[in-house]
Amino acid sequence: MSDNKFKVPKVLSRERCENENYIATWMAAGHYGKHLNNAEDDLMVAKDLAKILKGSLEASHDSLGFTAANVVNEIIERLNKAYSRLDKHDTRYRNLFIAYFDLKAAGGAT
């Protein structure tokens, strides 16, 4: 590798997003990392189910239902955090995927 530092971008420029090679690489990264999208989808389904359960528990109007609804609310918050982390990882993963091909095109990777 050369002495030049290669930086993985956090935010991509508009010109970059309109470049067809970039778009193709972004799509390839998404296809290659499909497991991340599947995990995000599973979390969203779990969150929707938890919201349905919470609504039915709150409708019971008893202390046990109220306590259980609070537990489900905590589960929903944790699912939101996990989803956010996966989403952030997906973006970083795609950027790293693209940076690798940029570096390879520049002759710095094999």
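Each reported figure results from applying straightforward, stated rules to the coordinates on display, with no laboratory input. All values reported here derive from a predicted model rather than from experimental measurement. As a convention, Cβ positions derive from the backbone with ideal geometry for all residues, glycine included, and neighbour counts pool all protein chains shown.
Observations on the structure shown:
- Packing-based exposure ordering (other Cβ within 10 Å, fewest first) of H61, H89: H61, H89
- In terms of its C-alpha gyration tensor, the range 54-110 comes out prolate, because a/c is 1.5 or above and the ratio a/b outweighs b/c.
- Ordered by the number of other Cβ atoms lying within 10 Å of each residue's own Cβ, fewest first, L49, L64, L79 fall into the sequence L64, L49, L79.
- For the residue pairs K51/K81; K34/K88; K54/K88; K47/K88, the C-alpha atoms sit more than 21 angstrom apart in K54/K88.
- Sorted by Cβ neighbour density within 10 Å, fewest at the top, the residues T67, T91, T25: T67, T91, T25
- Rough spin-label spacing in nm, given labels placed 7 Å along Cα→Cβ, for K51 and E74: 2.2 nm
- Here the spin labels are modelled as points 7 Å beyond Cα on the Cα-Cβ line, and at E40 and Y100 they lie 1.9 nm apart.
- For the range 19-105, alpha-carbon Rg over 2.2 N^0.38 Å: 1.58
- In plain terms, the chain from A28 to R92 could stretch by 21.6 nm, reckoned as 0.36 nm per residue minus the Cα-Cα distance.
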